[in-house]
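None of the figures in this text is laboratory data; all of them are computed from the coordinates on show. Model, not experiment: these values are computed from the prediction. Using ideal geometry, Cβ is built from the backbone for each residue, glycine included, and neighbour counts are taken over all protein chains shown.
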Amino acid sequence: NAGVMQNPRHLVRRRGQEARLRCSPMKGHSHVYWYRQLPEEGLKFMVYLQKENIIDESGMPKERFSAEFPKEGPSILRIQQVVRGDSAAYFCASSPPPLGQPQHFGDGTRLSIL
Amino acid sequence: DAKTTQPNSMESNEEEPVHLPCNHSTISGTDYIHWYRQLPSQGPEYVIHGLTSNVNNRMASLAIAEDRKSSTLILHRATLRDAAVYYCVYIQGAQKLVFGQGTRLTINP
């Protein structure tokens, strides 16, 4: 049973470009979460999605960031017009229903902005 | 918002028990306490979780104080592979994990 798969593992972008981060949850998991980890800090919640629905986006910056979890395919975290401050590790997690189950994390995408 | 407080770092010796403390005096009565650990360049790994009573699994034990204001993660026999940052985490709204700064555990051979 494959774990949570994230790609790419490393992504380099120049300021002003777009970054797309992908996450395939574990089989049977219908809940997907995105977290961001700045250097030497703990993880911060960004968004929680179920298939085709954003349930909680209280941790998402108001501009330039968006997330989706389509009916088919992986969840996507999209960052438009990236800035230096977006440099971080972005982790995806998934869990099965019902709510409150332990979350299983991928190994993250490390985004570097030049 | 509730929060968790942990020591920044701890050190132990291989094959000895390790007790990692966490204070969470402001969590609500229905919030579960979860523990995750993170190795370098990896995502967090679930360790254990509980609500009121002590819990055991193949990785660790979790001792929760009777007043629920603190808990202790117990690694019964530490190995070098247990060196990691350990996070005491609570779940907000049944789905949002709230991480603190964590405890960096060093294991000496």
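With neighbours defined as other Cβ atoms within 10 Å of a residue's Cβ, the residues B:Thr72, A:Thr109, B:Thr106 order from fewest to most as B:Thr106, B:Thr72, A:Thr109. For the peptide A:95-108, the mean number of other protein chain Cβ atoms found within 10 angstrom of a residue's Cβ is 5.
Taking the fewest neighbouring Cβ atoms within 10 Å as the starting point, the ordered list for A:Tyr90, B:Tyr46, B:Tyr32, A:Tyr33 is B:Tyr32, B:Tyr46, A:Tyr90, A:Tyr33.
Label-to-label distance, B:Thr106 versus B:Ser9, with points set 7 angstrom from Cα along the beta-carbon direction: 0.5 nm. The distance between label points at A:Lys62 and B:Ala63 comes to 4.8 nm (points 7 Å beyond Cα on the Cα→Cβ vector). The order of A:Leu114, B:Leu75, going from fewest to most other C-beta atoms within 10 Å of their C-beta, is A:Leu114, B:Leu75. Bridgeable lysines around A:Lys44 (alpha carbons under 23 Å apart, same-chain partners fewer than 8 residues away excluded): A:Lys62, B:Lys3, B:Lys69, B:Lys96.
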